[in-house]
Amino acid sequence: MNNDKLVIAGIEFQSRLWVGTGKYKDFDETRRAIEASGTDVVTVAVRRVNIIDKGKENLLDYIDPKKYKILPNTAGCFSAKDAIRYAMLAAEAGITKLVKLEVIGDEKTLFPDNEATLEAAKVLLKEGLIVLPYMSDDPIMAKKLVDIGCPAVMPLAAPIGSGLGIRNPYNIRIIMESVKVPVIVDAGVGTASDVAIAMELGCDAVLLNTAISAAKDPIAMAAAMKHGVIAGRLAYKAGRMPKKLYATASSPVEGMITS
């Protein structure tokens, strides 16, 4: 697995588990969960968590940017205009050129607005940002985002924070067949088995937050997620046995001693 690196836009990532920073009780718990997860990618909502103003309590005081790749995201934005603004604020702070682009289309379901996401992505790509768009599990939109220059796509598994796991594995598989860039499942996973399933499907990485922060023991769940990613990726690379309707003996019958 040491040679099984994830590369996006020429950037090498050590972990295929990416984690968020919302809903923890404090920054110290956030730090401990991130460490337990084994990730090297931490995503931060620019509208909700301070990573820009050095004069106030700053998440980056607890998370070393030299150790982790900070991925600003535009969570909480309901228009392309707002998403562009917050993405550019993060970029101008000099933290990274990476941005997870998120434009929400509905307050109740928090489903993404795919059209607004495409609109914002075009602008941010022209500004030189590396745009990783959060989107619904729509293969057509995935192709459109890749065609304009997005180096990866991030389809949801289920609604944000729902913990329902992958609701439509078939669309995820179609997306992976339709685009030649990394596919990162984002939102909706609830436990380590959901992560393993995503990786067994062949997804390149999983991004999650609430599944860890809302667990009874976030630190233990972060460690479980780490192992779920490793197990799922190894299973995908190994190639599972074919499914059969009837039993097949584990030991060959030829040569068995009969009375």
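Please pick out the residue among LYS216, LYS226, LYS237 that is crowded, with 19+ Cβ neighbours inside 10 Å and over 21 Å from ASN168 (Cα atoms).
On inspection, the qualifying residue turns out to be LYS226.
If you scan region 144-160, which residues turn out to be out of contact with any Phe, Trp or Tyr (no Cβ under 8 Å at 6 or more places or on another chain) and at pLDDT below 90?
ILE160
Residues checked against (1) modelled with pLDDT of 95 or more; (2) over 16 Å from the mean Cα position of the chain (by Cα); (3) within 18 Å of MET141 (Cα to Cα):
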| residue | (1), (2), (3) |
| --- | --- |
| LYS69 | no, no, no |
| ASN73 | no, no, no |
| SER79 | yes, yes, yes |
| ALA93 | no, yes, no |
| GLY105 | no, yes, yes |
| LEU118 | yes, yes, yes |
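Taking LYS126 as the residue in question, decide whether it is in contact with a strand residue (DSSP E or B) (Cβ under 6 Å, 6 or more places away or on another chain) and basic (Lys, Arg).
No; evaluated as a whole, the condition is false for this residue.
Working only within region 89-105, note down all residues that are in contact with a strand residue (DSSP E or B) (Cβ under 9 Å, 6 or more places away or on another chain), surrounded by fewer than 23 Cβ atoms within 10 Å (Cβ to Cβ) and free of Cβ contacts under 8 Å to residues at least 40 places away in the same chain.
Once the filter is applied, which keeps residues that are in contact with a strand residue (DSSP E or B) (Cβ under 9 Å, 6 or more places away or on another chain), surrounded by fewer than 23 Cβ atoms within 10 Å (Cβ to Cβ) and free of Cβ contacts under 8 Å to residues at least 40 places away in the same chain, region 89-105 yields ALA91, THR96, LYS97, ILE104, GLY105.
The values are calculated or read from the model by the stated rules, or taken from the named source; none is laboratory data. Owing to the predicted nature of the structure, the values given are computational and were not obtained by experimental measurement. Counting neighbours? That spans all protein chains shown, and the Cβs are built from the backbone with ideal geometry, glycine included.
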